[in-house]
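The values are calculated or read from the model by the stated rules, or taken from the named source; none is laboratory data. Computed from a prediction, not measured in an experiment: that's the story for all the values here. Cβ: placed from backbone, ideal geometry, glycine included. Neighbour counts: every protein chain shown. These accessible areas exclude ligands, DNA and RNA; they are computed on the full protein's heavy atoms, side chains included. Shrake-Rupley method; radii C 1.70, N 1.55, O 1.52, S 1.80 Å.
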Amino acid sequence: MRPFEQHWQTYMSEFINVGIIGLGVMGQRMLARLDSHPRLRATHVWDADPQTVARTLATYPRLMPAANAESLIATAGLASLYIATPPAPHMALSNLAFDAKLAVFCEKPLTVDFDSARQTIERIEREAHRAAVNFSLASSPGLAALDAAWQERPAGFLGEPQKVSIEIAFAAWPRPWQAAAGAWLSERTEGGFTREVLSHFVFVLQRVLGRAVVRSSSPVYPSDGHSAETALTALLEASGIPIEVTARVGGDVDDSNRLTLRGDAGEIELREWFGAYRRREGAFWDTIGDPAELRARGQVDQLTQWVALVEGRPHSLPGFAESLAVQVTIEALLAGA
Ligand SMILES: NC(=O)c1ccc[n+]([C@@H]2O[C@H](COP(=O)([O-])OP(=O)(O)OC[C@H]3O[C@@H](n4cnc5c(N)ncnc54)[C@H](O)[C@@H]3O)[C@@H](O)[C@H]2O)c1
């Protein structure tokens, strides 16, 4: 083999071919992120809506459309499947991908079908499949800072941890950037802000403090019997620390969120997704980094972790079992207690 051919072969084998099922809001965001990635390369796509496929191909003409989910998953040379459909098909698509020995990166929420999730998790463990769920804060510097502060307790920045509060609010649900998403997002069966947004913070909380128990929860639902919740107040507990949740559709900010961990010496706060701040008792807030830069770092690292998942190396993405544990807490909040 000539040196050029050898180099070309190595270069080509460095690509990790990714198939994408679900080309709505998240599918498009991921396509844009993968477009410039040096290793992960979207090659094949499928969506249940042919018009969505057509629009996607108009933007990315080199993508190959599949005839259906099964044929996409069976494509030779594919290494990983990204699932960005609404929750209902997540488990069936994951299992098809495991049949084909693909590494699965699935959107949250994992599922609302717990039996199917438990069977899938048993299969992952039995057959050693590679699977992770996209909680975007998993790779965030804010989560790393929160975890470091928690690990140092009762010394370090926080001192003795006292309480956590999570506050989220939306001027309207769904949020403006999700206007093109399906009706499922506003429906009680699969959608709502508790599954969609609060789950990110419950993930952070449970990763750092451990499994949370719901002490009380009061979701407010519209009287039509099918629309998603409009407010939720709850009290949880993890590692002996009380966690207060206040969430609602209301106010004039499109998407407002904060998780604060307070100790007797200081507090640390994740704010507006990737923003991270801390302050000593009685002092001013100090940012851990420029929020835009923290976001960019988190998003780059997410893809780095995905590569590690595909290559069977250790990574920081949440697996299906960790994500099911988040969903168990979320569904308990939605059920009310
Ligand atoms: N990680 C995050 O930050 C984040 C943010 C927003 C949404 N999400 C999650 O991403 C997933 C998708 O959300 P979205 O906002 O993109 O929704 P969306 O409604 O915009 O898009 C879903 C797409 O899936 C397609 N689809 C539906 N059922 C299908 C099936 N069985 N097979 C193939 N295609 C199918 C629809 O036609 C649609 O194009 C959800 O699980 C959502 O909770 C994650």
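At a glance:
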{"read-out": "Elements of type strands (runs of 3 or more DSSP E) contained in region 57-143, each with 2 or more residues being within 11 Å of the ligand (Cβ to nearest atom), out of contact with any Asp or Glu (no Cβ under 9 Å at 6 or more places or on another chain) and closer than 17 Å to Met26 by Cβ", "value": "103-107"}
{"read-out": "Residue check, Ala84 open to solvent by 10 Å² or more (accessible area, probe 1.4 Å), at pLDDT 95 or above, under 18 Å from the mean Cα position of the chain (by Cα) and of a type in the set (Gly, Ala, Ser)", "value": "yes"}
{"read-out": "Residue within region 198-210 that is within 13 Å of the ligand (Cβ to nearest atom), open to solvent by less than 10 Å² (accessible area, probe 1.4 Å), in the same structural domain as Gln299 (by TED's automatic domain parsing) and not in a helix (DSSP H, G or I) present", "value": "no"}
{"read-out": "Out of Glu70, Glu122, sole residue that is surrounded by fewer than 22 Cβ atoms within 10 Å (Cβ to Cβ), free of Cβ contacts under 8 Å to residues at least 40 places away in the same chain and over 21 Å from Val326 (Cβ atoms)", "value": "Glu70"}
{"read-out": "Leu236 surrounded by 13 or more Cβ atoms within 10 Å (Cβ to Cβ), within 16 Å of the ligand (Cβ to nearest atom) and outside any loop (DSSP other than H, G, I, E, B)", "value": "no"}
{"read-out": "Region 175-197, residues that are assigned to a loop (DSSP other than H, G, I, E, B) and either within 10 Å of the ligand (Cβ to nearest atom) or open to solvent by less than 10 Å² (accessible area, probe 1.4 Å) (or both)", "value": "Arg175, Ala179, Ala180, Ala181, Gly182, Glu190, Gly191, Gly192"}
{"read-out": "Matching residues, region 258-313, being more than 20 Å from Val204 (Cα to Cα) and in a strand (DSSP E or B)", "value": "Arg280, Asp286"}
{"read-out": "Residue match in region 35-46 (condition: surrounded by fewer than 22 Cβ atoms within 10 Å (Cβ to Cβ) and within 11 Å of the ligand (Cβ to nearest atom))", "value": "no"}
{"read-out": "Number of the exception - Ala172 against (1) touching a strand residue (DSSP E or B) at 6+ places or on another chain (Cβ under 7 Å); (2) surrounded by 18 or more Cβ atoms within 10 Å (Cβ to Cβ); (3) of a type outside the set (Val, Ile, Thr); (4) part of a loop (DSSP other than H, G, I, E, B)", "value": "(2)"}
